[in-house]
Ligand code: SP5
Ligand code: ZN
């Protein structure tokens, strides 16, 4: 399948993330693009086409988009770097229900207050180039949809920063714009009646789940390390979450114990593939995180490259028009090989 990419995706390069109060080295780094390109670059390469900010409103609140588009300039104009030695927008107050307790609230006037209205963790910083890279990542996903609309059976979007933790009005988990959700919505807009999002990333895609929570026309299925065992996103991703209102039954979560390897992981992939098949979906988005790999520093799952290849065979066997969107995967030496293993098998 063709590879859609953009050099603009390299412009977001967080040096660190604030985790439990301290700056730790960033994991979602710009080198990921080149690690993947070096392994899949032998395929047909397509540069992403700009789709414009309006296209992002199909799944995101305009207030989030306005914030992300302007936040870093405002941080710079506010001389925060001089004040705190930090040139990346970093929230510190989060107006959760624990703070607001059902009272009427106003939007914070200060940028450092406003950041916690949209950003929901301290790990996901907005720096120079973050907005441009996030838009380029979304454009990769939307361009992959255009290829599928034109008759290509499947296309891969080398989207980065990743997207599946971005909610309608929130960013977090290294994600700013939900590339996979944008692709799923674009497939719906192209006339596909029922689209499935299959999320293979090691973490639960809380953002994608939130975007389609009440909708019967976009299924969301995910397997991931069990949040109940202490893993991000901590509060959602449990099996009892099956969708709300008209979306009841259109969400399926399969949390896995730490240490899960190929056999048990693939059993759940098979179960999700069968679910998508039985639901009569006519298009597919794969959130392809390869951080479930044994060598990945960000998850305790133990999947091998062979496991990702088997997953590609199972998912590709659905024979649905497919957009494969990159999510996580942080072990630079093996990252590209894991993606290539999946894509080769999906195509076979
Ligand atoms: C897209 C994706 O895979 N997002 C992952 C978000 C989960 N990040 C949780 C990070 C937990 C602490 N990691 C410490 C790393 C030290 N730099
Ligand atoms: Zn992940």
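When we screen 278, 250 for residues that are more than 15 Å from ligand 2 (Cβ to nearest atom) and more than 20 Å from the chain's Cα centre (by Cα), the only hit is 278.
Just one residue in the set 10, 57, 32 is without any contact (Cβ under 8 Å) to a residue 24 or more places away in the chain and under 17 Å from the mean Cα position of the chain (by Cα); that residue is 57. Looking across the stretch 211-234, the residues that are more than 16 Å from ligand 2 (Cβ to nearest atom) and more than 25 Å from residue 342 (Cα to Cα) come down to 211, 212, 213, 214, 215, 216, 217, 228.
Residues 195, 225: which one is away from ligand 1 (no atom under 11 Å from the Cβ) and either within 13 Å of the chain's Cα centre (by Cα) or crowded, with 24+ Cβ neighbours inside 10 Å (or both)? Walk me through how you get there before you give the answer.
On the way: 225 fails: away from ligand 1 (no atom under 11 Å from the Cβ).
Result: 195 is the single residue among 195, 225 that is away from ligand 1 (no atom under 11 Å from the Cβ) and either within 13 Å of the chain's Cα centre (by Cα) or crowded, with 24+ Cβ neighbours inside 10 Å (or both).
Inspect the stretch 294-308 for any residue being within 18 Å of residue 163 (Cα to Cα), in contact with a strand residue (DSSP E or B) (Cβ under 8 Å, 6 or more places away or on another chain) and within 15 Å of ligand 2 (Cβ to nearest atom) and give the result as yes or no. The answer is yes, given that some residue of the stretch 294-308 is within 18 Å of residue 163 (Cα to Cα), in contact with a strand residue (DSSP E or B) (Cβ under 8 Å, 6 or more places away or on another chain) and within 15 Å of ligand 2 (Cβ to nearest atom). Please state which one of 165, 192 is modelled with pLDDT of 95 or more, more than 28 Å from residue 34 (Cα to Cα) and outside any helix (DSSP H, G or I). Result of the check over 165, 192: 192. The residues on offer are 52, 129, 41, 116, and the sole one that is touching a residue at least 24 places away in the same chain (Cβ under 8 Å), at positive phi and within 22 Å of the chain's Cα centre (by Cα) is 129. Selection over the stretch 78-96 of residues that are closer than 27 Å to residue 236 by Cβ and without any contact (Cβ under 8 Å) to a residue 40 or more places away in the chain gives a count of 7.
Of the residues making up the stretch 97-113, just one is in contact (Cβ under 8 Å) with a residue 12 or more places away in the chain and either surrounded by fewer than 11 Cβ atoms within 10 Å (Cβ to Cβ) or outside any helix (DSSP H, G or I) (or both), namely 108.
Between 26, 35, the distinction of being within 16 Å of ligand 2 (Cβ to nearest atom), under 17 Å from residue 340 (Cα atoms) and surrounded by 15 or more Cβ atoms within 10 Å (Cβ to Cβ) belongs to 35 only.
Quick check on residue 256: is it touching a residue at least 40 places away in the same chain (Cβ under 8 Å) and more than 16 Å from ligand 2 (Cβ to nearest atom)? Walk me through how you get there before you give the answer.
Working: touching a residue at least 40 places away in the same chain (Cβ under 8 Å): yes; more than 16 Å from ligand 2 (Cβ to nearest atom): no.
No; evaluated as a whole, the condition is false for this residue.
Is it the case that the stretch 174-182 has a residue that's assigned to a helix (DSSP H, G or I) and either out of contact with any strand residue (DSSP E or B) (no Cβ under 7 Å at 6 or more places or on another chain) or surrounded by fewer than 24 Cβ atoms within 10 Å (Cβ to Cβ) (or both)? Yes - at least one qualifying residue is present in the stretch 174-182.
The values are calculated or read from the model by the stated rules, or taken from the named source; none is laboratory data. Note that the coordinates shown come from a computational prediction; the quantities given were computed from them, not determined experimentally. Don't worry about glycine lacking a Cβ; one is built from the backbone with ideal geometry, like all the others, and counts go over all protein chains shown.
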